[in-house]
1. From the Cα gyration tensor of the stretch 197-237, with a ≥ b ≥ c the square roots of its eigenvalues, which class applies: rounded if a/c is under 1.5, or else prolate if a/b is larger than b/c, or else oblate?
2. Could you calculate the FRET efficiency of A184 with D403 from 1/(1 + (r/R0)^6), where r is the beta carbon distance between them and R0 is 60 Å, rounded to 0.05?
3. Hey, how many Å between the Cα centroid of the stretch 210-237 and the Cα centroid of the stretch 76-109?
4. On a C-alpha basis, how far is the centre of the stretch 368-396 from the centre of the stretch 242-296 in Å? Whole number, if you could?
5. Less than 16 Å from a label point 7 Å out along the Cα-to-Cβ axis of S192: which backbone N atoms in the stretch 214-233 qualify, by residue?
6. At a Förster distance of 45 Å, what's the computed FRET efficiency of T70 paired with S256, Cβ-Cβ distance as r, to 0.05?
7. How big is the charge dipole of the stretch 191-343 about its Cα centre, in debye rounded to the nearest 20, if each Lys and Arg gets +1 on its Cβ and each Asp and Glu gets -1 on its Cβ?
8. Could you give the dipole magnitude of the stretch 302-428 about its Cα centre, charging the beta-carbon of Lys and Arg +1 and that of Asp and Glu -1, in debye to the nearest 20?
Amino acid sequence: MKQKITLLTLLAIMALMTSAKAQNVNIPDAVFKAALVNNSAINTNGDGEIQVTEANTYNGSIHVAGLSITDLTGIEAFANLDSLNCAVNPLISLDVSNNTLLSYLNCAGGCQSYPSDPWGSQFGLLTSLDVSNNTFLSYLDCSNNDLHLGLNLTGAISLIYLDCSGHSQITQWPGDPIWFQLGALSNLDISSNTALKTLNCSLNNLTHLDVSNNTLLNYLDCSNNNLISLNVLGASLLTFIDCSNKLECLANNVLSNLDVSTNTSLITLRCQYNQLTSLDVSTNTAMVLLFCYCNQLVSLNVKNGNNLNHGLLAASCNQYLSCIEVDDVSWCNTYWHNNKDGTAFFSENCNGVSVLDNNQNTAILMYPNPTLEIIYLSKPGNITLSDLSGKLLLEQKNTKQLDMSSLPAGIYFLQYEGSSTKICKVVKE
């Protein structure tokens, strides 16, 4: 009988021990476990384990960035966790679906060095991320990963800051070539993230991006993607847009159209190295910086009433661009004359520019027409001016301008002789 009681006692003790063990959080990664165990705010009883009750009670932050952690299993036990920084770790997967109170998440990849290549780098290893269950999440940095299987943001309705950019590295060491790599994100749906203010999705494989539903968006960097279309209409609070190809060796965005007419708060627009044929920023009265060089612009309107406060216009490398509509020709000729091609000119009314030759490779433009005094031409030639009866009134040789200030208002005919002979009607007001 005594032996039987002893056996029952041993069984009871073993059951209690098994029960206690079952209450410990399973954390297979030794480095991750050590970081949690060594945090006295989490490991409140000071033992070598993290109990379920300890994890569930904790509502602070976990910072385990750059520790070479490969597995974050166990994080799901922290149901009340507020902040998680697990950046620059070779994580293959990350499940935060049970961390429903999470407000901050940084799982960005980063550079890692190798003995044979001290300047080598690689992406993070995350191929997908789902934060649709994290309704309180306001900050997310998942940049420098390989998210080719997607990024699900549909339920993250509190998201204010999002960085899902790819990765690039420019090295300047002698003999070391420029190195870069695009991210793998090919689709980004942020239509439900209406609280979003900052978005960096640069250096990915996006072909279409629509931020028209993000009415609070202030900052947008979608440079160096494969963009065919970009819809920013409705995002009237945007102050910064970069849809350029900032890396000339990585010119992938191929935008042929960009409508910023409703972005009335826009201060900076970078759209260089695209295929834009026209650009109108006349409604962007706050604009200070415009980089639109190396496109295929035929039409450029920067007459927005703010040119005198405009810090910089960079519009060169647009071989088909002749007339740039501005607020004040004299001011622009003084401060912006080096920021355009030599074949382009400033005018306060590009609609009053006459084309003497429609061949865009040899185009000869005459402006302004109608004029009050002087007619200008984009190329020098021999010019004669006649009235309606054919009477010769003025003649100039090898010139790009003709002064009509001495003539009365009326209709005249200008004959241009250069590489070819052209005749155009001129109106003197």
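The values are calculated or read from the model by the stated rules, or taken from the named source; none is laboratory data. Just so we're clear, the structure is a prediction, and the values are computed from it rather than from any experiment. Glycine also receives a Cβ, built like all others from the backbone with ideal geometry; neighbour counts cover every protein chain displayed. Just the protein is used for accessible areas: all its heavy atoms, side chains included, with ligands, DNA and RNA removed. Shrake-Rupley method; radii C 1.70, N 1.55, O 1.52, S 1.80 Å.
1. The shape class here is oblate.
2. The calculated FRET efficiency here is 0.45.
3. 27
4. Between the Cα centre of the stretch 368-396 and that of the stretch 242-296, the gap is 37 Å.
5. 214
6. That gives a FRET efficiency of 0.50.
7. Numbers: 5 positive and 10 negative charges, 39 e Å.
That gives the stretch 191-343 a dipole magnitude of about 180 debye.
8. Dipole size: approximately 240 debye.
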